Each structure stands twice: as structure tokens, then as C-alpha cells.
Amino acid sequence: MNDEFYMQLALDKAWEYQLLTYPNPAVGAVVTLNGTILAVEAHKKAGTSHAEVLALLKAYETLSKSTVDFDRMDAQKAHNFLHTIPKDFFSECSIYVTLEPCSHEGRTPSCATLLETLDLKKVIIGTKDPIEGHGGGMEYLKHCTSGILEEACQALIEPFMIWQKRAFVLFKLAQTTNGRIGGGYLSSKSSLRHVHQFREKCDTLLIGGNTVRTDRPTLDCRFTGGAAPDVMIYSKKDDIDRQMPLFTIKNRTVTVTDNLNFLEKPSFVLVEGGEGMLNALKEKIDWMLIYQTPKLSTNQLSYNIDMNLAFLHQDKKDVDLLLWSRRIGH
């Protein structure tokens, strides 16, 4: 096995939590001992333990054949615990991290300082932290190399880079294998739950007026039990029925607008809609997330649009194929 193999494992794990760590970047980590994989972990939620910390805790459990007795998502408790173990415990281990360990103290303690204390045999980094004031973690570390699968690691954090300066716009769509989008739910329960996780995280759920008029959706997070997102309805005319379920959910704001200026503000915007919405936003979309279900359909609805995409990552949600893509040309 080479460094690229282990870094790819870290990348694949991080993609499982892509955008769910908002406003933090997605990060993955792998810990090995003489080539044996001890842990494969990823950052899961902003304000909780980072990928390196979760991987080190799992590696500790694997090596010590014990289980930690605290909430491993509690970053402060996790760091405190790892600082108490014998200094040579990880001395023969290597850690692979997709992003340079943080040097600053924020909602969580510094991972670079922790790795300096633990003094691992090797620290292998995918890409340096590009945010001013966040980098410098490598300066704390001995036996450190970077640039392993760098381009893929940079693609992983592209949303994070975009929402520093403006809205990151993700267009979600579900389709059959032959590209049909009509006929009720197309996605598996696992895919639907995944979409509702994004609804929980996004600042704004953007949807077209025609979809609202036709489908009369609720756009809640019933599959995850989370709070419903604020909704922006993009429509040239405001003739939306305010009595539909969309407007009856407490503690959410629903706005009808005919301009997209709000996309200039740093945020995470999730778009759900049909061909009209895709056409209206085609110059604003950053990424597309396609849930492709393994069936053929005679339904005539599809996305009739010319758009070039670059595939970034693929996964599965139950029977569905999950395709992360970047729009080419922006």
C-alpha cells in the first residue's frame, strides 16, 4: 500500500459527510501502524471533534482493546484524554489527513498542537489550509509531508472555499437511469433522509414558483426530525397560495422573490426544482448532486438543458447511485 491508497480512504470517508459539516470543511483521516489500518474517520459536525481526533481515539481503542468512556464528539474531552496517554503510544503510527491540521484555537482545540504532543512517526497531509490565519499547522509537526492527492483534497473543500465569499449553490436532482424526473418519489428512503440532512444544514432552500404551484410541497425535515429550512421561492409573479403546508410550519421564513441577489452573501444554498429552475440558475450553480435510481420510466419529464459537468465523487444510498458533480464553465 502507498500513501495515495490511505489518503483515498480518508477522502472517501470525508465525502460521506460532505456539506453536513457546514460551515466547516469536510475532512477525513486515517491512522495506520506498519501499514495496518487502525482507524478511518471523518469530521461529522461543526463544533465537534475533528477527523484527526476521532481517528486517534479509534486507533487508541484498537491498540488498547478498550473503549473510551466519554462522548468522543466532545472535542475538549477528546483532546484532554489524548493528551494524557503515554507520549510514545503512537510513536510508530502514521496519520493521513485530507486537510492540514488546524493550528488555531476556535470552537475546538488545535489539532496541530495535539499531533505535535503525540509525536507520530509520520503525518501525511493532502492539502494545506488555504484560509488565512487557519494554516501553519505543518510548522508544528515533525516528519510531515503534504501534497498527497492534493487536487482531490482541494476539490473536497471547494464548497468551504466558496462560502467564505458568497453563496455555495448546490442543485439537487433525482432521476431514473434514463433521465426521467416525474412520477412521484424516485429516491430510496436513504436518499430522502440524506436530502433532509442537507435541508437541516442549509441557510436557504431555494425552489421555483412553478414547482410550488404544481407540487404544493412542505419542504420539511420529517425524515431526520430536524428544523425545517427557510425557503426562498423564485418567481416572476407573486401568486403563491399562502394556505399550502409550506407556509404553515413554525419558526421558518418563506419568501417569494424575483431576484437572486441574496446569492452574493456567504451561505449554503440548496436548490430543489425542475427544468425551469435549472435553466434560471444555470450560471449560478456550483455543484450538482444527482440521485439516480435504478429504474427506467416512460414519464416524459426530464431536464432538457445543455450543461457540462465534471464528476467529483460517487457513492450509493441504498439502491441509488449518488453523483457529486461540478458545473464546468464558472
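The values are calculated or read from the model by the stated rules, or taken from the named source; none is laboratory data. Predicted, not measured: the structure shown is a model, and the values here were computed from it. Backbone-built Cβ (ideal geometry, glycine too); neighbour counts: all protein chains shown. Each accessible area value is taken on the protein alone, full model and side chains, heavy atoms only, with ligands, DNA and RNA left out. Shrake-Rupley method; radii C 1.70, N 1.55, O 1.52, S 1.80 Å.
Between helix 3-15 and the chain there is an angle of about 40 degrees, using the helix long axis and the longest principal axis of the Cα atoms. Site pair Lys236 and Gln154 shows an inter-label distance of 4.0 nm when each label is modelled 7 Å from Cα along Cα→Cβ. When the trypsin sites (Lys or Arg not before Pro) in the range 113-211 are filtered for DSSP coil states and for at most 10 other beta-carbon atoms within 10 Å of their beta-carbon, the remaining sites are Lys165. For the range 223-330, GluC sites (Glu not before Pro) meeting the loop criterion (DSSP other than H, G, I, E, B) and having at most 11 other Cβ atoms within 10 Å: Glu283. Within the range 247-287, the trypsin sites (Lys or Arg not before Pro) that combine a DSSP coil assignment with at most 15 other C-beta atoms in a 10 angstrom radius are Lys250, Lys282. Note on Lys77 and Asn304: the model spin-label points, each 7 Å out from Cα along the C-beta direction, lie 5.8 nm apart.
What angle do you read, to the nearest 10 degrees and between 0 and 90, between the alpha-carbon axis of helix 189-201 and the longest principal axis of the chain? Orientation of helix 189-201: about 80 degrees from the principal axis. With the convex hull drawn over the C-alpha atoms of the range 3-163, the volume per residue is 96 Å³.
Please give the contour-minus-distance gain from Asn178 to Thr248: 0.36 nm per residue of separation, less the Cα-Cα distance, rounded to one decimal in nm. Kindly include the intermediate steps, with their values, before the conclusion.
Numbers: separation 70, 0.36 × 70 = 25.20 nm, distance 3.60 nm.
Difference between extended and current length: 21.6 nm.
Based on the Cβ-Cβ distance of Thr67 and Lys121, what FRET efficiency does E = 1/(1 + (r/R0)^6) give at R0 = 30 Å, to the nearest 0.05? The pair Thr67/Lys121 has a calculated efficiency of 0.75. Roughly how many percent of the accessible protein surface of the chain is carbon and sulfur, given a 1.4 Å probe and a whole-percent answer? C and S fraction of accessible area: 47 percent. For Met277, Met1, the ranking by accessible surface with the largest value first comes to Met1, Met277, using a 1.4 Å probe. Exposure check, 1.4 Å probe, all protein chains in place: His43 carries approximately 10 Å² of accessible surface.
Taking +1 at the Cβ of each Lys and Arg and -1 at the Cβ of each Asp and Glu, which of Thr145, Leu56, Gly329 sits farthest along the dipole of the chain towards its positive end, judged by Cα position relative to the Cα centre? It is Gly329, whose Cα lies furthest towards the positive end.
Rolling a 1.4 angstrom probe over the protein heavy atoms with all chains in place gives the range 262-330 an accessible area of 53 Å² per residue.
Site pair Asn34 and Asn210 shows an inter-label distance of 6.4 nm when each label is modelled 7 Å from Cα along Cα→Cβ.
Projecting the Cα positions of Ser187, Pro159, Thr211 onto the charge dipole of the chain (unit charges on Cβ atoms of Lys, Arg, Asp and Glu, taken about the Cα centre) puts Thr211 furthest along the positive direction. Assuming charge only on the beta carbon of Lys and Arg (+1) and of Asp and Glu (-1), the dipole of the chain about its Cα centre is about 1000 debye to the nearest 20. Calculated accessible area for the range 96-148 comes out at 44 Å² per residue, all protein chains present (probe 1.4 Å; ligands, DNA, RNA ignored). Among the listed pairs Lys265/Lys316; Lys284/Lys316; Lys284/Lys317; Lys201/Lys284; Lys13/Lys265; Lys58/Lys165, a Cα-Cα separation exceeding 25 Å is found for Lys265/Lys316; Lys284/Lys316; Lys284/Lys317; Lys13/Lys265; Lys58/Lys165.
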